[in-house]
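Input: a single structure, listed below in structure tokens.
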Amino acid sequence: MIRILLCTIVLFSVACTSSKKDSETVLFAGEIVNPTSDQVVLFKGGEKIDSAKLDGKNRFKFNLANIENGLYHFNLAPEYQYVYLEKGDSLMVRLNTIYFDESLVFSGTNEELNNFLLELFLSAEEEDRTMYAEYYEMEPQEFLSKISSLKNDKLKRLNELRAETAISDDGYELLAGNIEYTYNRYKEIYPFQHRRKTAEENIHELPKGFYAYRNTIDYNNKNFTYLRPYYDFMKAHFGNMSYMNCIKGCENRNFNTSKHLHFNKHKLQLIDSLVMEKELRDNLFRNVAFDYLLKRKDKPEYNEMFLNEFKTVSKNNMHIEEIENLYQGIANLQPSKVIPNLSVASFDNETRTLSEIGKNKKVMFYFWSGNNKKQYQEIFKRVAELKDKKPDHEFVGINIRTDYSDWKVILKNLGVDTQSQYHTDNYKEFTETLVIYPMNKAIITNNGVIVDGFSNIYYN
């Protein structure tokens, strides 16, 4: 029924078929039910390729010439999702923003690949929860059996799909890589989560061959650089290797400086030795820098030592300005400081300052972005819990990096009190002054105190 509906969109003048067109031009189009934004933006990696406005019937269309085959993602603020495009494609998508990922269906050329890629994404979300709830408590052999069963089931279905449809070699490699790196990441995480879940004193001894896949890791697959399971695997892998290498090689070391600094320097050196692909390398280095600078409060001289090491191994990093700004912002923060006099807009578009909002009251400001629905839902849930713990405080939300009109729609959908919500377009000023980044939950009081271990910012 969905395919029939999409085929009736005569505006796009394309046939709903799984056959390639002769042209190398790519048509990517679709229909949005209950749109949360008036445009769809298409990205390849971190680069914006194009944007398309929704028409009067909430439809959009991209005509793309001379683009690379590969993985892209499209954004309809505040949500985004993958799309795989190849030359000659005529691909349609239909979705309802209320259920976004769950309602999304592709039709046309490469529909099978894209629908399977979406299925893998949704499956991984569910399996992540089960891993933490159940599987990481299992003994190693039982865990391996469970992981192998889940992985083999998906690989079997992928091979059946390949036998039935015309999936390209590159498309097949992407789907197979998605599956392999998803389950290999669980293995990298397992020993640490197992110790935490079982309260064992030491890392559990693992059976021979537990990490056998490490012999075939491709550390430089440019096509996978922005494939989330690949990138998440790399982060977990380098964290695991850094810790294990240090346990073996540095066990007699006297940590006169900082363990956190020591372990993160290990990560920098491992990435430097194994990853040559520029974008992946830069992104992984950036992740280590954020992990170090945001997640622990080390002495200023240790932060400087880390930054020097970072610059030594990651020359010409494309994120260097952002990282230096973060480092400088943390260096400028003093324990006695109060919250700066930054301006925000109310739901009724009235301008106020943070100082005015917090004057003569016990106020906790929390910061969130509309770019990740699951994350901001978690933040609001956490704030609700803190309200019960601290009834004498007023909680004020500050939204960053979200379009003003989109922000208002999100608040209405959440059903929260709009009188305690504010918005700012001054993303750069806020993030650099308060050391706030939208991928991190952030909450501070009006005298700059971090509350309940909830924040990754260090404004105290």
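The values are calculated or read from the model by the stated rules, or taken from the named source; none is laboratory data. Just so it is clear, the structure is predicted and the values come from calculations on it, not from any experiment. Cβ coordinates were reconstructed from backbone atoms using ideal geometry, including for glycine residues, and neighbour counts include every protein chain displayed. Surface accessibility is based on the protein's heavy atoms, side chains included, excluding ligands, DNA and RNA. Shrake-Rupley method; radii C 1.70, N 1.55, O 1.52, S 1.80 Å.
Of note:
- Subset tally (residues that are buried (at least 21 other Cβ atoms within 10 Å of the Cβ) and either over 27 Å from residue 370 (Cα atoms) or under 21 Å from the mean Cα position of the chain (by Cα) (or both)) for segment 105-117: 9
- Total residues in segment 313-331, condition over 14 Å from residue 287 (Cβ atoms), among the polar types (S, T, N, Q) and open to solvent by less than 80 Å² (accessible area, probe 1.4 Å): 1
- Filter result (within 19 Å of residue 375 (Cβ to Cβ) and within 23 Å of the chain's Cα centre (by Cα)) within segment 409-428: 409, 410, 411, 413, 414, 423, 424, 427
- Out of 187, 208, 197, one residue alone is among the charged types (D, E, K, R) and within 24 Å of the chain's Cα centre (by Cα). It is 187.
- Which listed residue, of 255, 238, 285, 233, is modelled with pLDDT under 95 and not charged (D, E, K, R): 255
- Any chance residue 154 is of a type in the set (Lys, Arg), in contact (Cβ under 8 Å) with a residue 40 or more places away in the chain and farther than 30 Å from residue 368 by Cβ: no
- When we screen 369, 346 for residues that are within 29 Å of residue 75 (Cβ to Cβ), polar (S, T, N, Q) and at pLDDT 85 or above, the only hit is 346.
- Scanning segment 174-191 for residues that are surrounded by fewer than 19 Cβ atoms within 10 Å (Cβ to Cβ) and over 29 Å from residue 206 (Cβ atoms) returns no hits.
- Cβ pairs under 6 Å, 6+ apart, first in segment 208-224 and surrounded by 10 or more Cβ atoms within 10 Å (Cβ to Cβ), second outside any loop (DSSP other than H, G, I, E, B): 213/184; 219/274; 223/70; 224/177; 224/230
- Residue in segment 173-196 that is assigned to a loop (DSSP other than H, G, I, E, B) and in contact (Cβ under 8 Å) with a residue 60 or more places away in the chain present: no
- Residue 181 vs. criteria under 22 Å from the mean Cα position of the chain (by Cα), within 18 Å of residue 148 (Cβ to Cβ) and not acidic (Asp, Glu): yes
- For the criterion of being surrounded by 15 or more Cβ atoms within 10 Å (Cβ to Cβ) and acidic (Asp, Glu), residue 394 passes.
- Within segment 24-53, the residues that satisfy the criterion of being touching a residue at least 60 places away in the same chain (Cβ under 8 Å), surrounded by fewer than 17 Cβ atoms within 10 Å (Cβ to Cβ), on the phi < 0 side of the Ramachandran plot and not in a strand (DSSP E or B) are 24, 25, 46.
- Some residue of segment 425-437 being aliphatic (A, V, I, L, M), surrounded by fewer than 21 Cβ atoms within 10 Å (Cβ to Cβ), closer than 30 Å to residue 299 by Cβ and at pLDDT below 85: no
- Residue that is nearest to residue 41 (Cα to Cα), among those in segment 84-132 that are part of a helix (DSSP H, G or I) and of a type in the set (Phe, Trp, Tyr): 100
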